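Beneath this line is the structure, given in structure tokens, with notes to follow.
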């Protein structure tokens, strides 16, 4: 019955009128959706006829067809693939919704089409890992943001690392990266030093709730990723390490000694001592002090179990006196009091992964 009706419609194909041919395409499409469970022969016939007719129609007609096929569980496969590589107005409903597109189909579009097509694929309910990786490789930052916000998009470890590296240079990606639930925890914590305060709070909240098994897995993965942006050690680093080693042997590395070092502007030895007491690496300690990252300093001091008064002393010595130091110290003192030590300790564990080459080898 369906094949008979389909052949009747095909007879209209000899009509030269474009309006009649549009009528033919709509008739074939309606017929396709009238019955379910087309056999291979019927599906092949529909695919051939609808594909031929669609190729002769103007964009508005192909858009209408794509919107209908985008919601079908079993659209004609060849026609669907062709529409997926058409102009974005036509391709979008297919790329966003058509379930019949295979991983190979999506990869072909991701590797050959432009950013609009990549963004449409990025919004599918499920984006396979290989397709996501291709989008990360070819997509611009706007496209990457769309992909990251889709928790149905599966990204490999390598793709997540690439996303974090790009986010470090583009603040518009920070929220998309940090809010991504599938982001490995060690990579999430890499974002701490580039994110604004409200996003740092989200990182701390997730650190506080992380399962110990997930934490250990993240730490193991993160040990293989050493930040290349830390830069060289200062010229007096080796001398400072020797002095701190001697002080440690005498039990003379105390919070009070750290304050004296900071007051005397002995920055390198202060940083080595702070790293020793807080059990973090030198590069992280230097970044915190050089950038006057008081919220990060609060995490370090809380994890090291320093009292609030010592933290405030450090804060006042680090801040520029002309930069409302007292007001900021008071504000961060309140933050320090409210910061759970468990959350600080978890965060510090991630920061410990940022080691010098020798430390990483021993980790």
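Only the coordinates and a few stated rules stand behind these numbers; no lab work does. What you are looking at is a predicted structure, and each value in this text was computed from that prediction instead of being measured. No Cβ is skipped: glycine too gets one built from the backbone with ideal geometry, and neighbour counts run over all protein chains shown.
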Whole-percent tail of the Cα-Cα distance distribution for the range 237-362, cut at 22 Å, equals 33
Rounded to whole angstrom, the alpha-carbon centroid of the range 320-353 lies from that of the range 76-91 at a distance of 54
Dimensionless Rg/Rh of the range 298-349, both radii on Cα and Rh by Kirkwood, sits at 1.00
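Normalise the Cα radius of gyration of the range 53-130 by 2.2 N^0.38 Å (N = residues in it) and let me know the number.
Rg over 2.2 N^0.38 Å, computed on Cα atoms: 0.98.
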Simple spin-label estimate for residue 252/residue 137, 7 Å along Cα→Cβ, in nm, reads 5.8
Cα extents of the range 230-294 along the principal axes, largest first, in whole Å, come to 31, 24, 22
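Just the Kirkwood number for the range 88-199, please: inverse of mean 1/r across all distinct Cα pairs, in Å, one decimal.
Numbers: mean 1/r = 0.0712 Å⁻¹.
Result for the range 88-199, one decimal place: 14.0 Å.
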In nm, the gap between the two label points placed 7 Å beyond Cα toward Cβ at residue 307 and residue 60 is 7.9
